Amino acid sequence: MERSCPVEMSHSVMKFIEMSPLLGNQEHNLTLSWQNFTVKVKRSQVGHGSTGAWLSRLISCRNTEEVTILENTSGKVQSGNLVAVMGSSGCGKTSLLAAVSSRIKGTISGEVLLCGRPVDGSLLTRISGFVPQQDITVESLTAKEHLQFMSYIRLDRELCDNIRRKWVQALFLDLNLAGCEDTPISALSGGERKRLSLAVELLTDPPLLLCDEPTTGLDSYNASTVVEKLHHLASRGKAVLCSIHQPTSDLLSCFHKMILLAGGRVAFQGTLAQAYTFFSNQGLFCPPSYNPAEFFIQKLSVIPGEEEASSRKIEQLIEAFSASEVEQSLQLSVPHIQTARSSITEISNDFQKYIKM
Ligand SMILES: Nc1ncnc2c1ncn2[C@@H]1O[C@H](COP(=O)(O)OP(=O)(O)OP(=O)(O)O)[C@@H](O)[C@H]1O
């Protein structure tokens, strides 16, 4: 049965309607920062050598070891900014996105701050949307059925069907998906599929968006439509943190800033211009015809056969960056207001306004 709009709407429904400026500008002034952030996880340790491995599997008795996947990282993303997280495979891009939005299990030290104030993980998950690398969908549903279904899961139950439908419609238009509303998910193109995953996260209109490698597996046209959309969302006031694998020069220029990771540590963060300067100051000059993202990532990758030498060079770059002016000014620009940790139940009005549901 359809839920019609009651005369007396609940506070949360009113707030949803008032705060549905997806198609207009949002005036958020949010800074998410993380400081001295270290994440350790437990990993199963299978015995070395074929007998050990075989025995471990046989008796299902694996030891676990604690591995550090992010080490002493600091950084920030602000409303209005699209920030790229880059680095070679396994450097910690996904872990960073998951950790700063409190979506990772492990031993975590350091602090995540919202507008300079320490915040509770449940608040972070509620004010952020996370677009995973791999989506989980029912392939036989059409794009519209999927988004409508997700709207029942994600949005306030009191929201009337008329508003819910309009919101879903607005998202389809906004993400250039209007032509494929009735297409089964299994038949969507890679780009449409990514934009549908983005639409699901935008249902709650979060001020903070985290996207894990949204361009992986897409051709250059579809990759650019996805990144342009993220840029557009940032320009309308969202803070967007997005991991990405070696974007083309054109795609990289859509990002306001970049964070380069190596072995779970920050090797650089700042603008593209600052990256050119930093690497040049280290004697690493990106040739004019070269893709800068590829160049920077290559300099931060361990080269097979030259593990020791390349690891030493990476270590030097990390140390040089932590002593650089860019890093020092970044540290100074992150406010740190000493207050008790804000939780979902005791948040101030400042944060309450960011929560939709
Ligand atoms: N839950 C976990 N348990 C054990 N190891 C983990 C866990 N999560 C991440 N790791 C390890 O941490 C490292 C970083 O992983 P992460 O997925 O963040 O890298 P990435 O940069 O996103 O890689 P890719 O570009 O290949 O997707 C990897 O070596 C990975 O195996």
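The values are calculated or read from the model by the stated rules, or taken from the named source; none is laboratory data. As the structure is a prediction and not an experimental result, all values here were calculated from the model. Note: ideal-geometry Cβ built from the backbone for every residue, glycine included; neighbour counts use all protein chains shown. Areas reflect the complete protein model, heavy atoms only, side chains present, ligands, DNA and RNA absent. Shrake-Rupley method; radii C 1.70, N 1.55, O 1.52, S 1.80 Å.
In table form, for the structure just shown:
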read-out	value
Whether the range 184-292 is rounded, prolate or oblate, judged on the alpha carbon gyration tensor where a/c under 1.5 counts as rounded	prolate
Where GluC sites (Glu not before Pro) fall in DSSP loop in the range 256-332, at most 14 other Cβ within 10 Å	E306
Most to least packed among 94-101, 170-177 [average Cβ atoms within 10 Å]	94-101, 170-177
Pairwise FRET efficiency - N72 versus Y290, Cβ, R0 = 45 Å, nearest 0.05	0.90
Cα-based Lys proximity count in the range 218-323, under 18 Å, for pairs eight or more positions apart or on separate chains	4
Y290, Y152, Y221, reordered so the largest accessible area comes first (probe 1.4 Å)	Y221, Y152, Y290
Spin-label model distance (nm) - S109 vs S329, 7 Å beyond Cα toward Cβ	3.1
Net lengthening on full extension, K40/F149 (0.36 nm per residue, minus Cα-Cα)	35.7 nm
Sequence ranges 180-187, 206-213, ranked by mean other-Cβ count within 10 angstrom, highest first	206-213, 180-187
Over the range 74-210: Rg over Rh, Cα atoms, Kirkwood Rh	1.00
Proportion of all alpha-carbon pairs of the range 61-150 beyond 14 Å (%)	75
Heavy-atom accessible area order for D250, D205, D135, largest first, 1.4 Å probe	D250, D135, D205
